[in-house]
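Only the coordinates and a few stated rules stand behind these numbers; no lab work does. Just so it is clear, the model here is predicted, and its values are computed rather than measured. Methodologically, a virtual Cβ is constructed for each residue, glycine included, from the backbone with ideal geometry; neighbour enumeration extends over all protein chains shown.
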Amino acid sequence: MKKLNYSIFILLLLTSVLVQGQDRPDIPTPPPPPPFPNFKLSPEEEQKYLENIDSDLLSKLQEIKEVDEAKYARLLRNLYWKSINWPIFANGRNKEKMETEKKIIEYEILTESLSIEYKKAPPEEKEKRKKELQNNLSQLFDLKERQKEKEVIILETELRKLKEKIAARKKNKDVIIKRRMEELLGDGEYLEWE
C-alpha cells in the first residue's frame, strides 16, 4: 500500500512539473491606470489659463514644453488644479495648504527650467546655473518639509483628541453601555428630553 501511495505521489509530482513546463499563451498585462486627475486641458483652456499666469513662469513652462511635452502637461495640470479657488478649501488651514502646494509646483517648474538651462549653458556658465539649481532645490526642499511638519502637527493634534476621547469612553463605559441598552430595549422611552 505504501508503494502505491508513493508511486501516486511521484506520478502527481511529475505531472505537475510537465504541466508547468508547457508553453502557455502569453496573457497581456493591462496597461497601468492613468494618473489622477485624468484630464488634459483643451488648447483653448490651456491658452486661456496661460494668459493669466506670471510672464516669468510662462516662459519657464514654454522652455519645458520645448524639451518634454509630457512633463510640461503634468506641471501645467498640477498648477492649474492648485490655482482653482475650491470653495471647500476656502477656510484658513486648507487655503494655506493649497497656496503652499501651488508655490511648490512653481518651484518645481523653476527647477525643471534651471535644469534645462544648465544643460544648454556654455561651460563657463555651468557652475553658475548649478548653484542656482542647488539654491532652488534647497528652497523647494524646505518648503516641502515645512508642509510635512504642519501635517504632522495636525495629525498629532487629531491623535491627542482621539486618545482623550478613548480615555473618556473607557472611563464612562458603564454609562455608555447602559444608555445603549435602554435605547435598544426601549426602556428610556419616557426619559427623552422632549
Suppose the chain between Glu69 and Leu50 were pulled fully straight at 0.36 nm per residue; how much longer would it get relative to their current alpha carbon spacing?
5.3 nm
Reachable aspartates and glutamates from Lys103, Cα under 16 Å, same-chain residues fewer than 8 places away excluded?
Asp54, Asp56, Glu112, Asp142, Glu145
Give the calculated FRET efficiency between Leu155 and Lys103 to the nearest 0.05, with a Förster radius of 22 Å applied to their Cβ-Cβ distance.
0.50
